[in-house]
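The values are calculated or read from the model by the stated rules, or taken from the named source; none is laboratory data. Predicted, not measured: the structure shown is a model, and the values here were computed from it. A quick note on method: Cβ atoms are made from the backbone with ideal geometry, for glycine too, and the neighbour counts reach across all protein chains shown. Surface areas here come from the heavy atoms of the whole protein model, side chains and all, with no ligands, DNA or RNA. Shrake-Rupley method; radii C 1.70, N 1.55, O 1.52, S 1.80 Å.
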Protein chains: 2
Amino acid sequence: MLKDGRETGKWIRVMTAHRMNLHLVSDATGETLNSIARATVSQFEHAQIIYHRWSLIRTRFQLHRVLEGIEAEPGPVLSTLIEPGLRSELENFCSRIGIAVVHVLDPVLSLLQHHIGEQAIARPGRQYVLDADYFRRIDAMHFVLAHDDGQAQVGINEADLCLVGVSRSSKTPTSFYLANRGVKAANIPLVPGLPEPPGLEAPIVPVIGLTIDPEALIEIRRHRLKLIGGQPNVQQNTAYVDLESVKAELIWARRLCARKGWPVIDVTRRSIEETAATVLQLVEAWHERRRSLPPGG
Amino acid sequence: MLKDGRETGKWIRVMTAHRMNLHLVSDATGETLNSIARATVSQFEHAQIIYHRWSLIRTRFQLHRVLEGIEAEPGPVLSTLIEPGLRSELENFCSRIGIAVVHVLDPVLSLLQHHIGEQAIARPGRQYVLDADYFRRIDAMHFVLAHDDGQAQVGINEADLCLVGVSRSSKTPTSFYLANRGVKAANIPLVPGLPEPPGLEAPIVPVIGLTIDPEALIEIRRHRLKLIGGQPNVQQNTAYVDLESVKAELIWARRLCARKGWPVIDVTRRSIEETAATVLQLVEAWHERRRSLPPGG
């Protein structure tokens, strides 16, 4: 096979059939394009995408570096550029070298333009650092720093919600992600042997349990132990990553949540973003239930 | 005016001309739609959008609640639904009641389909919790928790980069955001009076300074003091939020960065995302410079 040029060529073609460059060109942070690329590429099982991320592209000079990059490693372009001059330069260049460009925001901009009855301003959007959203986010981040893993429990009632779960059940990553969205999540470990987590006797915020498959939990704990390095208490670490002990620990935690009436999310097959979205739905449901309670009841 | 029905009607029309419902319907977390909505709505100066976010919509039953919501508060729909049955039910319903639907991922899906030569699988995408990306993110989050504000400085060289700046210059929000992206940022305060931050004598990672307009910094510090409540040291707090002192502090910090050759980002008019994107560009430039150094030189 390898001696036959045609066959070899074919073999190479098959091996590389789904490999492609994808250029993401943004005048802002590139978050929108990252998100769109993740959502769409995951729909193709055999795609091997080499991402080229070009963010904060706001001048012709910056754009020229991008065009050089596209020419050097050709592949389709997703763009959120909004400034007409930059857009047309990108389009002209790409059409000259036979590269497809999709302006991902265009259908939505047309829709909004039609409904709002106003032209888009066609300037790269900027958020400002000191809006209410910014303060909400930094407050939530400082809250996580102060309250991670049950520290300073007095603050629970200042939180928007409280996450509970055994060690390494994703409480910290979930609260981090929520903080970035401006939501304050307190974070309290469920420790086997303690019948009830201190600080949660009469919570006035929604409490949500996180659980996970024992095998997955052990993998995360092993990773964590390796990272921390030292194993100060071998006996404890053994139970910490022993399948039977971990199973018992998880069952105990689920029962505790059931008894307290706290809903539980299984994070095993969820990304951090999905867990956070589910948390927010449960918080919303909690508030709806509260609103529908008879007054004083 | 108020007595004239026609005039009143007109007045109301003008007041509410740009107010509209916008429904964001997603089978996943809704991040992509949030991001697209933010990027596009910011292009309209007078739009007042009432967002209706419907995330994790994966069954007909869930979709029916969405359709009820759209009917109750009509407005255009942005969708990332990928499952053909749900999509067509949404489309049919909306076309019946005269509502526009934009499937925001479609142009990109077509582009990828064309280039990859493979059909999209048309199943809501799922990420799995235990991929390398997940571990990178949780490691980065634990790193931020352990190293925020100069704690445990011995770890700086395990970071991907180090942020320096005076108190409240956005080091923490930036490192939080970067951690969510799987990037470990150490975070060291520049404290006036100390000539050189300890731990930064010979850093082997890129060091990046953050600065901000004095007025904006004072606003952030005031907010923080209010939140913390107690003012244990009034004298210090005065300098902390006094315009002349803050100006001097910022000039001192900029000079220190200049002397050490650390690039500085002014975060005043940048969102957290923009600052983080600029940080990543500077880190990339630092590595490029390193690669281009003569060996041993």
For region A:18-28, check the following and say yes or no: at least one residue is in a helix (DSSP H, G or I), touching a helix residue (DSSP H, G or I) at 6+ places or on another chain (Cβ under 8 Å) and of a type outside the set (Val, Ile, Thr). no
Answer yes or no as to whether B:Glu215 is assigned to a loop (DSSP other than H, G, I, E, B) and farther than 21 Å from A:Ala179 by Cβ. no
So which residues in region A:181-225 are farther than 30 Å from A:Glu244 by Cβ and in contact with a Lys or Arg (Cβ under 6 Å, 6 or more places away or on another chain)? A:Gly182
So which helices (runs of 4 or more DSSP H) stay within region B:48-161 end to end and still have 3 or more residues that are within 28 Å of B:Arg38 (Cα to Cα), modelled with pLDDT of 90 or more and open to solvent by 40 Å² or more (accessible area, probe 1.4 Å)? B:60-72, B:84-96, B:106-116
Of the residues in region A:255-271, those that are open to solvent by 10 Å² or more (accessible area, probe 1.4 Å) and modelled with pLDDT of 90 or more number 10
Taking first residues from region B:260-286 that are within 11 Å of chain A (Cβ to nearest Cβ) and second residues anywhere that are crowded, with 21+ Cβ neighbours inside 10 Å and acidic (Asp, Glu), the pairs with Cβ under 8 Å that are 6 or more apart or on different chains are B:Glu273/A:Glu31
Pairs, please: C-beta under 8 Å, at least 6 apart or cross-chain, first residue touching a residue at least 60 places away in the same chain (Cβ under 8 Å) and in region B:47-68, second open to solvent by 20 Å² or more (accessible area, probe 1.4 Å)? B:Arg58/B:Glu83; B:Arg58/B:Pro124
Of a type in the set (Val, Ile, Thr), touching a helix residue (DSSP H, G or I) at 6+ places or on another chain (Cβ under 6 Å) and not in a helix (DSSP H, G or I) - does that describe any residue in region B:30-43? no
Which condition does A:His23 not pass, out of (1) open to solvent by 10 Å² or more (accessible area, probe 1.4 Å); (2) more than 7 Å from chain B (Cβ to nearest Cβ), if it passes all the others? (1)
In region A:185-197, residue farthest from the other protein chains (Cβ to nearest Cβ) [restricted to those that are in contact with an Asp or Glu (Cβ under 7 Å, 6 or more places away or on another chain) and crowded, with 24+ Cβ neighbours inside 10 Å]: A:Ala185
